[in-house]
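The numbers here are math on the coordinates, done by the rules we state, and not lab data. It should be emphasised that the depicted structure is a prediction, and the values quoted were computed from it without experimental measurement. Neighbour counts are summed over all protein chains in view; Cβ atoms, including those assigned to glycine, are modelled from backbone coordinates with ideal geometry.
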Amino acid sequence: MSHVRSLDDGWDELSRDHLARISDFVDSMDIRSPRRPIFSPSDFLGGYSLVLASALIKRFLKLLDLRRAESDIDELQVDALSEMIKELDGDGGRQYRLEIEPKIIDRASKYYTTMAVIWIQECDLIEYVSIVEHLLVQERNDCDRWLLQTTKQLLLDATYKSLVEKTRNELLQKLKGFSSVLREGTKADIRLVYRILHEMEGTIPAIVDSLKLYIQDCRTSLHSVDDIMSSWLRYQDLLKDCFHIPCHSLQTCVDTDSPDVDQATGDTRIPEVVGDKAVNPYISNAIRMAFKDIVSGHQDFIKEFVTYWDGVITSGDDIHNRLRQCCELLEFIDQRTYFYQCYKFKLAARLLYERSSLQVEQLSLSMIEPKIAADEVSSLRRMIKESHMSRDNNSYPQIHLYSKSTWPALRDYAENLKLHEEFQHGIEHFIQSQNNHLNRDIVINRMLGRVELEFDSHCGSKRLLCDLAQASALLLFTDDTICRATIAKRLGVSEEFAMSILQPLIDKAVLLSNGDTLTLNSAFEDLTDVTLDAVPTYRTATSVPSRGLEMDANAVIDANIMSILKSVKSMKRDDLLLQLSHHPQESILARIQNLCEREYITTSDDTITYLP
């Protein structure tokens, strides 16, 4: 207020001095005295008020110009001038809005239009938008300090138009190199470019094109599902942090994250809300389409992806969030039936060998349920339910049994294999419980069944995990030694087939081989697991074949074909190929021909029929 008082004192002194001079001038003139004075003191005061106001306004505008040019100014003087102008305008700011406000906006527009031509040539994209942001922030702060609130939006609009809209062609040319910002810039740089330029016509298409090209260039470094997932998550994070939709106001270019209150209207501006529904849909769709191309062009992606999904479930680490991320990539897969087939085999392995909890499997199923067919969901749900019933079988807790009809075309032993009579009661109980839910005959898969046997020895009690056929063979040992031919005869199979059952027991030193005889060895490790992997392991182009766990490749395909046809008796060739899509189609057709020659099946037109 000291400046205001000094200006008031100057005004009084100026008024008295000028009144005296004008009075002397009038007295010197040969003018007859009128009935009333030509000029009254109030007339002089009004005229001097206009003269003084004009001088103050010119000085005020000059200081604002210097401020824009980044020159040092006396901000206290600007404070005083601003307050004096408001006091002189006694009409509620009408004079300010009609005379001063247009001049402020016009001078700012001309200055920024001139300077934009220079800056756009000398600066790169990040440098230029940083200048724009700085100037918008400065103009807004100056408005809040020295001008009326009615000026703020008009001045910001004029500034933005001069710096951005009038340089649109040059900025669009610079945006063609936006991929360099993605590659070398920080999140703050990317966010700044989008926030400042998103309202300019042509910005979003330019960013979309740059994103597509950049992601396509990066695809050569994405060698695995892990790489693709990491890249996808990076772009999702970038999308939410840098490309969210702001308020429909230029003030979002300069506002802070917190809600603000307009001092003139009292209205609260809506803060920016970052979320899936708040991101720019065009940029989001561009990223999705780019990754869809990556997924569709990646060899064996579905097989590797299901293996990755399997690893998430069995890891037990942040399962819910990581499964949600898997579902995002699942959206890019067109061959959902193929995904279902691969997923079903992995699910079977997890359930059979108890690699995951049933609660986690239910969670995973609930997430993929909207993305696959209803009958496929029902099939997976039956597998989980049957596994739950098998694990909760209180009558035979050491025996887990599974039906062929519910599970995929998994490996099994020959139909004529004779199981030990000790398992028949468990099988009958299982079939009875299943018949309560299914109105059809139940066939047990003997290779899927898992049994825990307990052996007593001088070293103490030992437990062994094996399948029904292996357990049936071990229970034939009334003495420590038995002949191979005897085991084959008692099991009702050939000696060659009997050896496929016994070989895992020999490999784990549960049985010791000596010519044609086998000896039971009780020195094996407790809880040794000798079960064969009944779930075929599909191989990708980059995978190394495993040893010791897989059956002969032709035998695997034969077992799968026969398992399917035994349950349905006959089916179309294309349907069979679809169910066995985890195997090469040429190999399946060759095995069908071989099975026909051996009179296991017949083919008529496009139909394949099982021969009992």
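Which is farthest toward the positive dipole end of region 300-392 among His388, Val360, Tyr340, measuring Cα position about the Cα centre, with Cβ charges +1 (Lys, Arg) and -1 (Asp, Glu)?
His388
In Å, what is the Rg of the alpha-carbon atoms in region 171-219, and how long is Dmax?
In Å, with Rg to one decimal and Dmax whole: 10.3, 30.
Simple spin-label model, 7 Å along Cα-to-Cβ: Asp124 to Cys459 in nm?
Output for this residue pair reads 6.8 nm.
Can you give the Kirkwood hydrodynamic radius of region 298-355 from its Cα pairs, in Å with one decimal?
Its Kirkwood hydrodynamic radius stands at 11.8 Å.
Restricting to DSSP loop positions (anything but H, G, I, E, B) with no more than 16 other Cβ atoms inside 10 Å of their own Cβ, which trypsin sites (Lys or Arg not before Pro) remain in region 153-228?
Lys176
Taking Lys161 as the anchor, which lysines have their alpha carbon closer than 18 Å to its alpha carbon, excluding any fewer than eight residues away along the same chain?
Reachable lysines: Lys103, Lys110, Lys152, Lys174.
Can I get the semi-axes of region 52-189's equivalent ellipsoid? Compute them from the C-alpha gyration tensor as square roots of 5 times the eigenvalues, in angstrom, largest first.
34, 14, 13
Can you give the Rg and Dmax of region 553-610 based on its C-alpha atoms, in angstrom?
Radius of gyration, then largest Cα-Cα span, for region 553-610: 9.9, 27 Å.
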